[in-house]
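In what follows, a structure is listed as structure tokens, so that the remarks can point back to it.
Only the coordinates and a few stated rules stand behind these numbers; no lab work does. The model shown is predicted, which means the values in this text are computed figures rather than measured ones. Cβ placement follows ideal geometry from the backbone for every residue including glycine, while neighbour counts extend to all protein chains displayed.
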Amino acid sequence: MVEGNVEEVSPEVQAQTLGELLNSVAALKKSGLLGLLNYLAEKSDDTFLTVADDPVLMRLAGLLATLGRGIEKVDGTQYAKAKMAVEDLTNCAFNALGNVDVSKPRKLGLLGLTRALGDPDVSQGLGILLDIAKGLGACARSKKSQ
């Protein structure tokens, strides 16, 4: 842009435009996209070349775009709650996965399963999974009736 064009715009329009820009940046920050955009900008040469050459990453980018369209439909309050839950569950899941030794085979019979259900941590984890399953089922059922 030529500097002369900026001076021709009224201060009110400049202030309004700056306000809209700040609102957009705040929305990007709130959604978490600002951090992603910042990372992509810092790694732009490597990131974009890698994505463009890798069909798996291109498919992942398409999937992320689809997820974004789904997330846009979520109520703001529910989005904020879900974001916090995802952060907590991701932290818990990675900590749990870090403690799992997949090379150890585990056989669990009915008695072992019954004993495991008595463990408060197992009970809590299954309760969380059942809450998620209930919400997914209710949502899926509501989509079916539409």
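Among the residues of segment 75-94, the one identified as loosely packed, with under 10 Cβ neighbours inside 10 Å and of a type in the set (Val, Ile, Thr) is Thr77. Taking residues in segment 109-136 that are of a type in the set (S, T, N, Q), and partners anywhere that are surrounded by 10 or more Cβ atoms within 10 Å (Cβ to Cβ), the pairs with Cβ atoms closer than 7 Å and at least 6 places apart or on different chains are Ser123/Leu117.
Residues in segment 95-140 that are of a type in the set (D, E, K, R) and surrounded by 10 or more Cβ atoms within 10 Å (Cβ to Cβ): 4 in all.
One residue alone among Ala41, Ala61, Ala85, Ala15 is within 12 Å of the chain's Cα centre (by Cα) and of a type in the set (Gly, Ala, Ser), and that residue is Ala85. Cβ-Cβ distance below 9 Å, separation of 6 or more or different chains: which pairs start in segment 74-92 with a residue that is free of Cβ contacts under 8 Å to residues at least 12 places away in the same chain and in a loop (DSSP other than H, G, I, E, B) and end on one that is of a type in the set (Lys, Arg) and surrounded by 11 or more Cβ atoms within 10 Å (Cβ to Cβ)? Hits for this filter: zero, empty list.
Is there a residue being at negative phi and assigned to a helix (DSSP H, G or I) anywhere in segment 99-109? No.
In the set Glu42, Glu72, which member is surrounded by 10 or more Cβ atoms within 10 Å (Cβ to Cβ) and within 27 Å of Ala27 (Cα to Cα)?
So the residue among Glu42, Glu72 that is surrounded by 10 or more Cβ atoms within 10 Å (Cβ to Cβ) and within 27 Å of Ala27 (Cα to Cα) is Glu42.
In this structure, Ala116 qualifies as more than 21 Å from the chain's Cα centre (by Cα) and of a type outside the set (D, E, K, R).
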